1. Being surrounded by fewer than 20 Cβ atoms within 10 Å (Cβ to Cβ), polar (S, T, N, Q) and closer than 15 Å to B:G107 by Cα narrows it down to one of B:N57, B:N67, B:N7, so name that one.
2. Looking at (1) surrounded by fewer than 18 Cβ atoms within 10 Å (Cβ to Cβ); (2) touching a Pro at 6+ places or on another chain (Cβ under 8 Å); (3) not acidic (D, E), which one does A:N59 not meet, given that it meets all the others?
3. What number of residues within the stretch B:10-25 satisfy the criterion of being open to solvent by 70 Å² or more (accessible area, probe 1.4 Å) and either in contact with a Cys (Cβ under 7 Å, 6 or more places away or on another chain) or within 14 Å of chain A (Cβ to nearest Cβ) (or both)?
4. Just checking, which of A:G105, A:G42, A:G28, A:G84 is at positive phi and not basic (K, R)?
5. Based on what the data block shows, is A:L90 farther than 17 Å from B:N101 by Cα and of a type in the set (A, V, I, L, M, F, W, C)?
6. Show me the strands (runs of 3 or more DSSP E) entirely contained within the stretch A:1-55 in which 2 or more residues are away from chain B (no Cβ under 13 Å).
7. For A:Y89, are the conditions met, namely being touching a residue at least 60 places away in the same chain (Cβ under 8 Å) and either in contact with a Leu (Cβ under 7 Å, 6 or more places away or on another chain) or closer than 26 Å to B:C90 by Cβ (or both)?
8. Looking only at residues in the stretch B:70-100 that are open to solvent by 40 Å² or more (accessible area, probe 1.4 Å) and facing chain A (nearest Cβ under 9 Å), which one is farthest from the chain's Cα centre (by Cα)?
Amino acid sequence: DAGVTQSPTHLIKTRGQQVTLRCSPKSGHDTVSWYQQALGQGPQFIFQYYEEEERQRGNFPDRFSGHQFPNYSSELNVNALLLGDSALYLCASSLDQGPYGYTFGSGTRLTVV
Amino acid sequence: DQQVKQNSPSLSVQEGRISILNCDYTNSMFDYFLWYKKYPAEGPTFLISISSIKDKNEDGRFTVFLNKSAKHLSLHIVPSQPGDSAVYFCAASAPDNYGQNFVFGPGTRLSVLP
């Protein structure tokens, strides 16, 4: 049973560019959350998607946007990249009705130069 | 302002001894707490959780204690094994109508020495 799959695993972009990260949730999960983990810090909540809509959002600017597809997979888009966007981006899936807790993917390491 | 704090960035323990990882939180609305373990180049993996209606939850070598009045929880690993060497994140959530949004602490790097 595949867990959460994220692609690509690594990415290098230039300041000002746009990037799209992809996530396939664990089989049976319907909710996808995205987190940003900067070096030496814990993951920070970006947003959560359920039923193809953004349900919750953390303290991130509008440059960060997302999408969830009918098959529950999700994309994270970041526009006008800044050096400070360099981080590990983690996708986590869960079942809306519980049991509580996420299953995380291995992440996408984004480097902005 | 960090709502979930892990004040020890690192901890070293001898194999076979007890590891105690601590976590403090400031938001009194938090009612569910989890510990995640993260190895390099992997995503965090769920370890153990506790609801605010309990003060202890045990799963094999792992026990989590919750002290609501002190807004403090701890993870005990007994006995510690070299494979336990990883970064441990404490996470918390508050109830709402829209599903769970976890707030993570900065993590504690545990090294279990053989």
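The values are calculated or read from the model by the stated rules, or taken from the named source; none is laboratory data. What you see is a predicted model; the values in this text were computed from it and never measured. Here Cβ is always computed from backbone atoms with ideal geometry, including for glycine, and neighbour counts include all displayed protein chains. The accessibility values were calculated without ligands, DNA or RNA, using every heavy atom of the protein model including side chains. Shrake-Rupley method; radii C 1.70, N 1.55, O 1.52, S 1.80 Å.
1. Values: B:N57 fails: closer than 15 Å to B:G107 by Cα; B:N67 fails: closer than 15 Å to B:G107 by Cα.
None of the other options fit; the residue is B:N7.
2. (2)
3. Final tally of qualifying residues: 1.
4. Numbers: A:G105 fails: at positive phi; A:G42 fails: at positive phi; A:G84 fails: at positive phi.
Step by step, each of A:G105, A:G42, A:G28, A:G84 is checked, and only A:G28 is at positive phi and not basic (K, R).
5. Numbers: farther than 17 Å from B:N101 by Cα: no; of a type in the set (A, V, I, L, M, F, W, C): yes.
Against the criterion (farther than 17 Å from B:N101 by Cα and of a type in the set (A, V, I, L, M, F, W, C)), A:L90 does not qualify.
6. Values: elements: A:5-7, A:10-13, A:19-24, A:31-37, A:44-50.
By residue number, A:10-13, A:19-24.
7. yes
8. Ranking the candidates gives B:Y98 first.
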